[in-house]
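Input: a single structure, listed below in structure tokens.
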Amino acid sequence: MRFDLTDMRLFLSVVECGSLTHGARAMHLALASVSERIAGMEEALGAPLLERNRRGVRPTAAGEALVRHARSILGQVEQMRGELRSYATGLKGRIRLLSNTAAMAAFLPPQLCRFLAAHPDLSIDLEERPSTEIVQALVDRRADLGVAAGVTDLRMLQTHLVASDQLVVLVGRSHRLAGQAQVRFADILAEPIVGMADSALETHLAERAARLGRQLDYRIQLRNTAQVASYVEAGIGISILSGALAGTIGRGVAVLTLSEAWAARQLYLCARDFSTLTPHAGLLARQLLEQVAGQHA
């Protein structure tokens, strides 16, 4: 059984269009040619890939498996082409790095600046993602490195501790808690919450609230810290977020430390396997870890 890249692109086109006719048109091929090619794939496999009906076609169980693998393979091919194209423009290597919001706010910027200054022939594709998405992307080999919070399940990855981050509570200046330096989690559970869209943090806080027999009342969840601050300032609710992020907010809000020990989060540099990193990703990993070691020396 041998399916080439054209076979896979053709099959995905047919499935995504929902019909042989539309799939053939999208691929600029004759309908007869498309039908013959898919029939050959089914013959080679020994099982049907498509179910035909009056509305068009849909994949069988075998077809769904082919869709999953074809998307993965074609995605890797595109990544390969993109990396090879970068050599033609003078770039000798590209590193795919994912980061959660807290690390993006404070830990990574100075480190990446120093790394890129020292290695002018390398570039970094940096994306901000929730920690749970970072883990899955690394497992699926869609990224080289990630920085994720320890409240996420990191057991499928190799990890190194690189930074700590304190959770804090943002309240408006007129809020009853505004004059306090710190606050207990139990004392804010009745408050409406303006959430930061961080699924790992949300899950962590939900678990902590459940232990107290309570749940958090999210009025809205936002991805932008400036928006979170403006909602808190307007009295819509309070917010629980990374201390690193709170340090970037220059608005009329009060910042209180969340007093529980568990509110001190750990940030980890993660990889599927550090020993199999590309040479340039390995360089970045070593610099980040050496920086941490130097701070504790």
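The values are calculated or read from the model by the stated rules, or taken from the named source; none is laboratory data. Remember, it's a predicted structure, so these values are computed and weren't measured experimentally. In this analysis, Cβ positions are derived from the backbone assuming ideal geometry, glycine residues included, and neighbour counts consider all displayed protein chains. We work out accessible area using only protein heavy atoms, side chains counted, and drop any ligands, DNA or RNA first. Shrake-Rupley method; radii C 1.70, N 1.55, O 1.52, S 1.80 Å.
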- Modelled FRET efficiency - R0 22 Å, residue 219 with residue 184, Cβ distances, 0.05 increments: 0.55
- In the chain, what percentage of the DSSP-assigned beta bridges are antiparallel, given to the nearest 5? 60 percent
- Environment charge at residue 10 (Cβ cut-off 14 Å; Lys +1, Arg +1, Asp -1, Glu -1): -1
- Message: Leaving out ligands, DNA and RNA, and with a 1.4 Å probe, what % of the accessible surface on the chain is carbon or sulfur?
- Response: 51 percent
- Query: So, in Å, what gap is there between the alpha-carbon centers of region 103-117 and region 169-198?
  - Reply: 30 Å
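In Å², what does the accessible area per residue of region 193-286 work out to with a 1.4 Å probe?
46 Å²
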- Note on the structure: Net charge (Lys, Arg +1; Asp, Glu -1) of residues whose beta-carbon lies under 12 Å from that of residue 172, residue 172 excluded, is +1
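Enter the accessible area per residue of region 6-88 (Å², integer; probe 1.4 Å; all protein chains in place). Before the final figure, lay out each step's value.
Details: 5100 Å² over 83 residues.
The answer is 61 Å² per residue.
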- Pick out, in residue order, every one of the trypsin sites (Lys or Arg not before Pro) in region 226-276 that is DSSP loop and has at most 14 other C-beta atoms within 10 Å; say none if there are none. 251
- Query: Roughly what % of DSSP beta bridges within region 7-156 run antiparallel, to the nearest 5?
  - Reply: 30 percent
- Accessible surface ranking that places the most exposed of 69, 28, 160, 119 first, with a 1.4 angstrom probe: 28, 69, 160, 119
